[in-house]
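Readers should treat all values here as calculations from the given coordinates under stated rules, not as data from a laboratory. Quick caveat: nothing in here was measured; it's all calculated off a predicted structure.
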Amino acid sequence: MTIEQVREWRKAHPGSTLLEAKTALMKEEGIDINEHQEEIAAIIDQVAKLDYCCPEMRNRVEERCEQHPDPFDCPDNLFYRNTLGEFGIIVHDGGPSYIKINYCPFCGENFTWPER
Ligand SMILES: [Zn+2]
Ligand SMILES: [Zn+2]
């Protein structure tokens, strides 16, 4: 499954979430969702980590200024992405705090996963 395939599928299914697209593509590839829960979760994790919902979010998360290599130190950095691929709004309280967000403020992407 490639990012391009996921994008194509979502274009054909307006309003669908990232997970719905990935699950549907796995079914198309003949993967039995119920028999391979753990492997599928790992694949979803991998793709989720690599993929951004929109270029705006990618820019905001990956942007670093010269004075502040740590995103939590820079007052200009507003968004953070943790090692699970989840997004958050940085709380500038002097520590590494952020508030997890369920939707992208730029494109409206739903980051929550439907219950299986
Ligand atoms: Zn800075
Ligand atoms: Zn977005």
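By the Cα gyration tensor, the chain has an equivalent ellipsoid whose semi-axes, rounded to whole angstrom, run 30, 15, 12 from largest to smallest.
Shown in residue order for segment 87-93 are the 3J(HN,Hα) couplings computed by the Karplus curve 6.51 cos²θ - 1.76 cosθ + 1.60 at θ = phi - 60°: 9, x, 9, 6, 9, 7, 10 Hz (x for Gly and Pro). Amide H to amide H distances under 5 Å link E109 with C104, where only residues 5 or more positions off or on other chains count and H is placed in the peptide plane.
Amide H contacts of S97: V91, each under 5 Å away and 5 or more positions distant or on a separate chain (H built 1.01 Å from N in the peptide plane; Pro and chain starts excluded).
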